[in-house]
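First comes the structure, then the notes that go with it.
The values are calculated or read from the model by the stated rules, or taken from the named source; none is laboratory data. Values in this document were obtained by computation on a predicted structure and should not be read as measured data. Because the Cβ atoms are built from the backbone with ideal geometry, glycine has one as well, and the counts that use them run over all protein chains shown.
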Amino acid sequence: MNNSKLPPTSKGLFNSPQNRAIIFQVLSLAVVVLCIFYFVNNMFDNVAKRGITTGFSFLGETAGFGISQSLIPYDDTSSTFLDVFIVGLLNTILVGVIGIVLASIIGLMVGVGRLSSNYLVAKLSLVYIETFRNIPILLQILFWYNVVLAALPSPRQSISYFDSIFINNRGFIMPDPIFESGSGFILVAFLLACISVVFLAKWATKRHDLTGEEFPLVKVALAIIVLAPLLVFFITGQPISAEYPALKGFNFKGGITIIPELLALIFALSIYTATYIAEAVRAGIEAVPPGQKEAAKSLGLKDHVILRKVVLPQALRVIIPPVINQYLNLVKNSSLATAIGYPEVVTLFSGTTLNQVGQAIEIILMTMAVYLVFSIVISLLLNWVNAKMEIKGR
Amino acid sequence: MAVYTMKEAKPAPSTSKGLVFWLRENLFSTIPNTLLTLLGIYFIYTTVPPLLDWMIFDATWSGTKEEVVKEGARWIFIIEKFDQFMYGFYPEALHWRPNLVAILSIIFVFFIPRLSSIKIKFVSMLLYPVVCFILIRGGLGLEVVGTEKWGGLMLTILVAAVGIIASFPIGILLALGRQSDNMPIVKTLCVGFIEFIRGVPLITILFMASVVLPLFFSDGIEFDKLLRALIGITLFQAAYIAEVIRGGLQAIPKGQYEASESLGLTYWQGMILIILPQALKISIPNLVGSFISLFKDTTLVLIIGLFDILAMVTLTNSDTSWLGFEIEGYVFVTLIYWVFCFSMSQYSRVIERRYNTDH
């Protein structure tokens, strides 16, 4: 054999993959560190030059502006910027929770409708999905706010239902529940009912494992959770009453007012996100092999049992991860509320507070931190769900 | 010997073919199904005819706004303000320049993928953005138009196009960085960047780019408002593209990596010649999906004060002689976005089929 034709193997510094990796990493780290150093250095120069204060001491100062909707007591003469932050955070969470519930309901219905054997329902669901997912969410929010809700009548000409719910261009006004003494018992009864349902569920599963007998758990659980607090409500002498809204002058006094900004945001977000959830539901149900359904049918199971015990458990494994991601998207999209002025964290903090204080870096970092925490929480939840739903091999 | 003749087949019973059968099977098979169908028909009856009346039959297509007597849409508003919706404040005499760019882009999108010569493809890909930029902004003997005059659909498409084109190489590098297990520091940097960007809403990144970014540079460096928005959008899109491409990279069988190494290819040769072409092909549907989201997300630039087509609705409505025409404006913009997004998703199916090399 003649090896002399082969190229000489060089042992240079650059020819070993390990060395190359180290050199490349050191170089890239150096570039990143230098950039950060350059940016931070300039930032301090600029901040000093413009006379902007730094640090988070502004959080203790009085804010001095009004907020149209607040879940905690807020007062524009004494509340601080920290209060503003908390108000915004809570309002973001409020939009997120309501939006997620509504979007899930609509999405589930449309997703199932998309697979319906009824031609018309399937096509209507398809049209719904293709229409609303192809229109930017900001456009939908603005449309609801500036066109649909702005066209509602003035408070004096409100649309009213049963003289207790009013709809007008100032929002959606409904009775405010008043909790008198004794209403605590109802809460206790509700909690006790929930705990007993948990134990009941454990017992029912155990019995099913041992004897194979089914227990109508859902019906019984619903009955306990609804009836127990209701019973206590009447025993303690109906301690919950309601304050009804009434027209005084040009606007309504009393009751809970849902401001139109919140309505527009919730309509737009849930309708938009529902299209993605519907597609996830459809994909999940389609992912269950048809043989599973046929096998269950040949075992003699009833249709609703097949759906509950065979199709859904397998479909949910595919459905849940993308749906949770859509929940995160919904929360992130709620930041667009700033276009219509709904007081959530971006509007209040990156908008109003930034204009008053001018400390852009701290304020925007705090706003980003809020959403980062949301996404970390949601991805932890996702990991937990994935681990729980993993197919357990033996 | 008896002769057996075949009897002619009878036609299928009328209950298992034809329109009646189809209707019964698909719309009226059970009682709940029938109820759903009736509900659906009622829904269509209450929504579609009024919508058609408003949009077409009762609409006003010509004349001045004082002459409007019909109940329907007053499209005269859109016709009157059409130029502003398309070009923003771009000088009217120079509208031919964006138009030329649009024609060039159509030629680029439809003809370049069909060229066989890689060299011409490469050169045209390098030349195309430069030519477009000079045509729109001016320079080289053309009159310069400042970015504050850019607006309307032109700006929307420009922001989306720059976001897509500029984020693509960054996204590929980030994806490769995230996949490089033998370089933990690079991997950590990439993962940190991607997860940070994906964890926050685009609007906070745009605020960051428009308020904080100027503080990062020393005083001599001035950033245009549009440029700041473009930087924010590009970084944002790059993180999403990186995740899409990572999905494609993970789907490539390990044997392909090993084969490229055993052929003696270097890392970059292996990536560019073997791995990336396959990974990108797999990622096409998801890439187009993320382009569509970006196109929809360009509307957010109105919050930091740029005048994209959606912002033009509000702006043209503040013209005192044209108050109260929001609905027409919003519906027009909705139609435009819908047509763009829908055709992009259809185009992705075409591309997917063209690059499908499965047998």
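Quick look at the values:
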{"item": "Every pair of residues 6+ apart whose Cβ atoms lie under 6 Å, when the first sits in the range B:143-155 and is among the hydroxyl-bearing types (Ser, Thr, Tyr) while the second is modelled with pLDDT of 80 or more and part of a loop (DSSP other than H, G, I, E, B)", "result": "B:147/B:224"}
{"item": "Matching option when the condition is within 14 Å of chain A (Cβ to nearest Cβ) and in a helix (DSSP H, G or I), among B:321, B:293, B:283", "result": "B:293"}
{"item": "Total residues in the range A:347-359, condition over 27 Å from the mean Cα position of the chain (by Cα) and among the aliphatic types (A, V, I, L, M)", "result": "1"}
{"item": "Condition check for residue A:367: part of a helix (DSSP H, G or I), modelled with pLDDT under 90 and either over 20 Å from residue A:141 (Cα atoms) or not charged (D, E, K, R) (or both)", "result": "no"}
{"item": "Matching option when the condition is part of a helix (DSSP H, G or I) and closer than 21 Å to residue A:270 by Cβ, among A:331, A:318", "result": "A:331"}
{"item": "Total residues in the range A:319-331, condition touching a residue at least 40 places away in the same chain (Cβ under 8 Å) and either at the interface with another protein chain (Cβ under 7 Å from one of its Cβ atoms) or aliphatic (A, V, I, L, M) (or both)", "result": "6"}
{"item": "Residue, nearest to the other protein chains (Cβ to nearest Cβ), within the range A:125-138, restricted to residues that are part of a helix (DSSP H, G or I), crowded, with 20+ Cβ neighbours inside 10 Å and hydrophobic (A, V, I, L, M, F, W, C)", "result": "A:138"}
{"item": "Candidates B:231, B:197 - the one that is without any contact (Cβ under 8 Å) to a residue 60 or more places away in the chain, β-branched (Val, Ile, Thr), away from chain A (no Cβ under 12 Å) and buried (at least 18 other Cβ atoms within 10 Å of the Cβ)", "result": "B:231"}
{"item": "Some residue of the range B:40-51 being away from every other protein chain (no Cβ under 14 Å) and either within 30 Å of residue B:320 (Cα to Cα) or not polar (S, T, N, Q) (or both)", "result": "yes"}
{"item": "Criterion (farther than 25 Å from residue A:34 by Cβ, under 30 Å from the mean Cα position of the chain (by Cα), surrounded by 16 or more Cβ atoms within 10 Å (Cβ to Cβ) and modelled with pLDDT under 90) met by exactly one of B:282, B:245", "result": "B:282"}
{"item": "Matching residues in the range A:340-373 - criterion: being of a type outside the set (Gly, Ala, Ser), closer than 18 Å to residue B:199 by Cβ and more than 8 Å from chain B (Cβ to nearest Cβ)", "result": "A:344, A:345, A:349, A:363, A:365, A:366, A:370, A:373"}
{"item": "Qualifying residue in the range A:161-170 (condition: touching a Leu at 6+ places or on another chain (Cβ under 8 Å) and either in a helix (DSSP H, G or I) or free of Cβ contacts under 8 Å to residues at least 12 places away in the same chain (or both))", "result": "no"}
{"item": "Residue that is surrounded by the most Cβ atoms within 10 Å (Cβ to Cβ) [pool: residues in the range B:182-191 that are facing chain A (nearest Cβ under 10 Å) and without any contact (Cβ under 8 Å) to a residue 24 or more places away in the chain]", "result": "B:186"}
{"item": "Test for residue B:258: is it acidic (Asp, Glu) and farther than 17 Å from residue A:39 by Cα", "result": "yes"}
{"item": "Residue among A:96, A:64 that alone is small (Gly, Ala, Ser), within 32 Å of the chain's Cα centre (by Cα) and at pLDDT 90 or above", "result": "A:96"}
{"item": "All positions within the range B:291-336 that are more than 18 Å from the chain's Cα centre (by Cα), charged (D, E, K, R) and closer than 19 Å to residue A:144 by Cβ", "result": "B:326, B:328"}
{"item": "Sole exception among (1) of a type outside the set (Asp, Glu); (2) within 20 Å of residue A:328 (Cβ to Cβ); (3) at the interface with chain A (Cβ under 10 Å from one of its Cβ atoms); (4) touching a Ser or Thr at 6+ places or on another chain (Cβ under 9 Å) for residue B:241, by number", "result": "(3)"}
{"item": "Residue count for the range B:93-151, restricted to those that are loosely packed, with under 13 Cβ neighbours inside 10 Å, on the phi < 0 side of the Ramachandran plot, touching a helix residue (DSSP H, G or I) at 6+ places or on another chain (Cβ under 9 Å) and not in a helix (DSSP H, G or I)", "result": "4"}
{"item": "Subset of the range A:34-73 [away from every other protein chain (no Cβ under 14 Å), out of contact with any Phe, Trp or Tyr (no Cβ under 9 Å at 6 or more places or on another chain) and either in a helix (DSSP H, G or I) or closer than 26 Å to residue A:342 by Cα (or both)]", "result": "A:56, A:57, A:64, A:65, A:70, A:71, A:72, A:73"}
{"item": "Members of the range A:49-102 that are crowded, with 18+ Cβ neighbours inside 10 Å and in contact with a Gly (Cβ under 8 Å, 6 or more places away or on another chain)", "result": "A:81"}
{"item": "Filtered residues of the range A:103-124 (kept if within 7 Å of another protein chain (Cβ to nearest Cβ), buried (at least 21 other Cβ atoms within 10 Å of the Cβ) and touching a Ser or Thr at 6+ places or on another chain (Cβ under 7 Å))", "result": "A:118"}
{"item": "Of residues in the range B:324-359 being touching a helix residue (DSSP H, G or I) at 6+ places or on another chain (Cβ under 9 Å), away from chain A (no Cβ under 13 Å) and not in a helix (DSSP H, G or I), the one farthest from residue B:297 (Cα to Cα)", "result": "B:357"}
{"item": "Any chance residue A:76 is farther than 30 Å from residue A:315 by Cβ and in a loop (DSSP other than H, G, I, E, B)", "result": "yes"}
